[in-house]
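Since the structure comes first, as structure tokens, the remarks are kept for the end.
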Amino acid sequence: MTVLVTGGAGYIGSHTVVELLNAGYEVVIVDDLSNAKADVIDRIQTITGKSPAFHPINCADKGGLCNVFRSYNINAVIHFAGFKAVGESVKKPLEYYRNNLDSTLTLLEVMEAFDCHKLVFSSSATVYGPNNPHPYREEMPAIQSSSPYGWTKVMIERILTDYCTAHPEFSAILLRYFNPIGAHKSGLLGDDPNGIPNNLMPYIGRVAAGQLEKLTIFGGDYETPDGTCQRDYLHVVDLAIGHLKALEYAQNNSGAEAINLGTGNGISVLELVTAFEKVNNMKLPYEIGPRRDGDLPAFWADATKAKELLGWEATHTVEDMCKSSWEFAKKSKES
Ligand code: UD1
């Protein structure tokens, strides 16, 4: 079976490609490398001993995408490609709407032209917006977000749901990720954003590696047990495996299905920092700073549906996440 992975050179995409290749799938990657490095493809090959086909094109390039579908017999698509920086999306909304919506619409048109009916989509817990109580459950209204990035996820979920209504043979699994962190155990793949990281774990990694002076914890006065925000951090390899389970589910079902991928546990920024220090035997310089605009105090997943429908459960611990993140950050500094 051949799977097209858009954005397959990115953080979650590359880990998913590794799991697909290890499970015996044929993989074709489409990635314009706008936020990924070309050597990720070599690293995937080093880890798996297999070389996925790679096409460095943007997913909104209809001609290019048609050529890819013409060249391979693609049975299913996992769609990661998209811009993902929350803060940047507030400053550049048009770029975010254009890129994320265009790439999805183009992909759907090409899939339709080539009779491909199975899609797994990279959505986000951000679609639950600020008004739902946690833990978030899939049947809660997921129709809001706090940034243009988040709104593209809400809109794409809507587009895919409407598409499924019009095409009863189509299956779209909307995977709502919580906070993926951690890295591949080889130390070759991980979250390595360009410039200064926005997200917590890559920032911690750069501080630990001495590339940034100290971590600022955004807010110490939230109504949480230790005053810092709580999130549902999950290991990126668990998340990658969730995509394989979703792919299997899509093969045997039709319609749109939203599924949370999280551990079901909330932990605070301070708890994560403490776990990182303990497992890696180091002190992490940090200070408590002001709150960051748009942050919610606390949210985590109700992960029951993923277990019931997909037979998926997160297995890695917070310690695994902190250890592998540091191994990756160390290696990245050296290379
Ligand atoms: C955000 C997005 C989410 C997106 C995810 C990954 C929203 C509401 N959330 O999640 O949709 O999928 O990024 O791109 O749009 N923190 C610090 N110091 C730092 C960095 C972060 O204290 O230097 C704290 C934050 O305040 C937050 C926690 O760490 O409490 C996690 O932040 P982050 O990793 O940026 O993820 P989210 O904001 O939860």
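Only the coordinates and a few stated rules stand behind these numbers; no lab work does. If you're wondering where the values come from, they're calculated on a predicted model, not measured in any experiment. A quick note on method: Cβ atoms are made from the backbone with ideal geometry, for glycine too, and the neighbour counts reach across all protein chains shown.
With θ taken as phi - 60° and the coefficients 6.51, -1.76 and 1.60, list the Karplus ³J(HN,Hα) couplings across region 229-237 in order, rounded to whole Hz; mark glycine and proline as x.
In residue order, the calculated couplings are 5, 10, 9, 9, 7, 10, 6, 4, 6 Hz.
Taking the Cα centre of each part, how many Å lie between region 17-51 and region 222-272?
Centre-to-centre distance over Cα atoms comes out at 23 Å.
How high is the relative contact order of the chain, given as a whole-number percent (alpha carbon pairs under 8 Å, six or more residues apart)?
Values: 677 pairs, mean separation 62.1, N = 335.
With pairs under 8 Å counted, the relative contact order is 19 percent.
Going by amide H atoms built from the backbone, whose H comes under 5 Å of the H on N199, apart from near neighbours?
For N199, no residues qualify.
On a full-extension model of 0.36 nm per residue, what is the gain between D102 and N194, subtracting their alpha-carbon distance, rounded to one decimal in nm? Spell out each step's value before the answer.
Details: separation 92, 0.36 × 92 = 33.12 nm, distance 2.35 nm.
Residue separation times 0.36 nm, minus the Cα-Cα distance, leaves 30.8 nm.
Taking neighbour Cβ counts within 10 Å as the exposure measure, how do T126, T216 sort from fewest upward?
Working: T126 25, T216 15.
Fewest-to-most Cβ neighbours within 10 Å comes out as T216, T126.
Once you charge only the Cβ atoms, +1 for Lys and Arg and -1 for Asp and Glu, what is the size of the charge dipole of region 172-240 about its Cα centre, to the nearest 20 debye? Mind showing how you got there, number by number?
Details: 5 positive and 8 negative charges, 47 e Å.
In debye, rounded to 20, region 172-240 gives about 220.
Sort C164, C59 so the one with the fewest other Cβ atoms within 10 Å of its own Cβ comes first. Could you put the intermediate results ahead of the total?
Numbers: C164 19, C59 28.
Ascending number of Cβ neighbours within 10 Å: C164, C59.
Would you mind working out the magnitude of the charge dipole of the chain relative to its Cα centre, with +1 at each Lys and Arg C-beta and -1 at each Asp and Glu C-beta, to the nearest 20 Debye?
Details: 29 positive and 40 negative charges, 115 e Å.
With only Lys, Arg, Asp and Glu charged at Cβ, the dipole is about 560 debye.
Note down, for region 1-95, the three equivalent ellipsoid semi-axes (square root of 5 times each alpha carbon gyration tensor eigenvalue), biggest first, whole angstrom.
They are 23, 16, 11 Å, listed from largest to smallest.
When all C-alpha to C-alpha distances in region 31-72 are sorted into bins of 5 Å, what percent of pairs does each bin hold, rounded to whole numbers?
Over region 31-72, the share of Cα pairs per 5 Å bin runs 6, 21, 25, 20, 20, 8, 1 percent.
Working from the alpha-carbon coordinates of region 251-335, get Rg over Rh, Rh being the Kirkwood radius. List each step's numbers first, then the result.
On the way: Rg = 17.2 Å, Rh = 16.0 Å.
That ratio equals 1.07.
Mean residue ellipticity at 222 nm from the helices of the chain, using -39,500 (n - 2.57) per DSSP H segment of n ≥ 4 over the full residue count, to the nearest 500 deg cm²/dmol?
Values: 10 runs with 132 residues, N = 335.
Computed mean residue ellipticity for the chain: -12500 deg cm²/dmol.
Just to be sure I follow: if Rg is taken over the C-alpha atoms of region 157-278 and Rh is the Kirkwood radius over the same atoms, what is Rg/Rh?
Numbers: Rg = 18.1 Å, Rh = 16.9 Å.
Rg/Rh for region 157-278 comes to 1.07.
Using modelled backbone amide H atoms (1.01 Å from N, in-plane), which distant-in-sequence or interchain residues come within less than 5 Å of I217's amide H?
E287, I288, G289
Tell me, what is the Rg over Rh of region 212-263, with Rh the Kirkwood radius over Cα pairs?
Working: Rg = 17.5 Å, Rh = 14.4 Å.
Rg divided by Rh gives 1.21.
Pop out the ³J(HN,Hα) list for region 106-123 in order, Karplus 6.51 cos²θ - 1.76 cosθ + 1.60 with θ = phi - 60°, rounded to Hz; leave Gly and Pro as x.
For region 106-123, the Karplus curve yields 4, 4, 5, 4, 5, 4, 4, 4, 9, 6, 9, 10, 10, 9, 10, 10, 7, 9 Hz.
In Å, what Kirkwood hydrodynamic radius results for the chain from the alpha-carbon pair distances? Walk me through the numbers on the way to the answer.
Values: mean 1/r = 0.0497 Å⁻¹.
Radius from the Kirkwood sum: 20.1 Å.
Per 5 Å bin, what is the whole-percent P(r) computed from every C-alpha pair distance within region 118-178?
Histogram of Cα-Cα distances, whole percents per bin: 4, 19, 29, 23, 15, 7, 2.
Tell me the label-point distance for the pair K92, L33, using the 7 Å Cα-to-Cβ offset, in nm and rounded to one decimal.
1.8
List the residues, sorted by chain then number, that are 5 or more residues from V27 or on another chain and whose placed amide H is less than 5 Å from its amide H.
Here the answer is V3, A53, since their amide H atoms fall under 5 Å of that of V27.
Quick one: length gained pulling Q144 to T165 fully straight, 0.36 nm per residue minus the C-alpha distance?
Details: separation 21, 0.36 × 21 = 7.56 nm, distance 2.14 nm.
Full extension of this stretch gives 5.4 nm more.
Each residue of region 68-73 in order: what ³J(HN,Hα) in whole Hz does its phi give by Karplus 6.51 cos²θ - 1.76 cosθ + 1.60, θ = phi - 60°, with x for Gly and Pro?
Here the 3J(HN,Hα) series is 4, 5, 5, 7, 10, 8 Hz.
What base-10 log of the normalised intensity I(q)/I(0) is obtained for region 183-224 from the Debye formula, alpha carbons as equal point scatterers, at q = 0.19 Å⁻¹?
Taking Cα atoms of region 183-224 as identical point scatterers yields -0.65.
Cα-based Rg of region 29-188 per 2.2 N^0.38 Å, rounded to two decimals?
Numbers: Rg = 16.6 Å, N = 160, 2.2 N^0.38 = 15.1 Å.
Rg over 2.2 N^0.38 Å, computed on Cα atoms: 1.10.
Charges only on Cβ, +1 for Lys and Arg, -1 for Asp and Glu: so what's the dipole of region 232-311 about the Cα centre, in debye to the nearest 20? All intermediate terms of the calculation are to be shown ahead of the outcome.
Working: 7 positive and 11 negative charges, 27 e Å.
That gives a dipole near 140 debye.
Work out, in µm²/s and without decimals, the Stokes-Einstein translational diffusion coefficient of region 283-330 at 10 °C, 1.306 mPa s, Rh from Kirkwood over C-alpha pairs. Please list the in-between numbers first.
On the way: Rh = 14.6 Å.
Once the numbers are plugged in, D ends up at 109 µm²/s.
Using a 10 Å cut-off around each Cβ, can you sort D32, D102, D232, D42 from fewest to most neighbouring Cβ atoms?
On the way: D32 20, D102 15, D232 27, D42 12.
Ranking D32, D102, D232, D42 by Cβ neighbours within 10 Å, fewest first, gives D42, D102, D32, D232.
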